[in-house]
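What follows is a set of notes on a single structure, which appears directly below.
The values are calculated or read from the model by the stated rules, or taken from the named source; none is laboratory data. Predicted model only: the values in this text are computed from it and were never measured. Cβ atoms come from the backbone with ideal geometry, glycine included; neighbour counts cover every protein chain shown.
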Amino acid sequence: MNQSENEWRARSLAAGLDPHEVKSVSRRYDMYREYTEAQGGNTLPLARWYKWYRVEKLSEGHAMLSPPAAGCSVGESVAQPGGVISEPDFLELLELYRASCRDA
C-alpha cells in the first residue's frame, strides 16, 4: 500500500465511512465516463459529476433523513441519522482514492 492509499483509507475510517463506498462511487464515475465517451459525448469532470450523482441519489431516497426502523442496523438511538460524511469531504476522499490509483 502506498502513502496516498493509506491516507484515503485512514480518513475514510476516521469519518465512519466504509472505504469500499469510495471505491464503489469511483467505479460508477468510470462507468459513466466509459459509456459517455463510447457514445461520442463529452464527460463531466469528477467534481461536477459528483454533484449530479448526489442529487440523483437524494432523489432516489438513498439519503433518507430517518432510516426505516424494521430491518435496519441504524435505529432511532443514533445521534446523527443523516449522512455519514459531507459532500465536500466525500469528494475529497474520492479524489484522494483516484490519485492513489494513478500513483500505484
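Looking only at the stretch 11-35, count every residue that is hydrophobic (A, V, I, L, M, F, W, C) and closer than 21 Å to Pro45 by Cβ and tell me the total. Going through the stretch 11-35 one residue at a time, the tally reaches 3. Would you mind stating whether Glu7 is surrounded by 12 or more Cβ atoms within 10 Å (Cβ to Cβ), in contact with a helix residue (DSSP H, G or I) (Cβ under 9 Å, 6 or more places away or on another chain) and at pLDDT below 90? Yes, satisfied. Just one of the numbered conditions (1) at pLDDT below 75; (2) touching a Ser or Thr at 6+ places or on another chain (Cβ under 8 Å); (3) of a type outside the set (Gly, Ala, Ser) is not true of Val78: (2).
When the residues of the stretch 57-75 are narrowed to those that are part of a helix (DSSP H, G or I) and either touching an Asp or Glu at 6+ places or on another chain (Cβ under 7 Å) or surrounded by 10 or more Cβ atoms within 10 Å (Cβ to Cβ) (or both), which ends up modelled with the highest pLDDT? Once the filter is applied, the top-ranked residue is Lys57.
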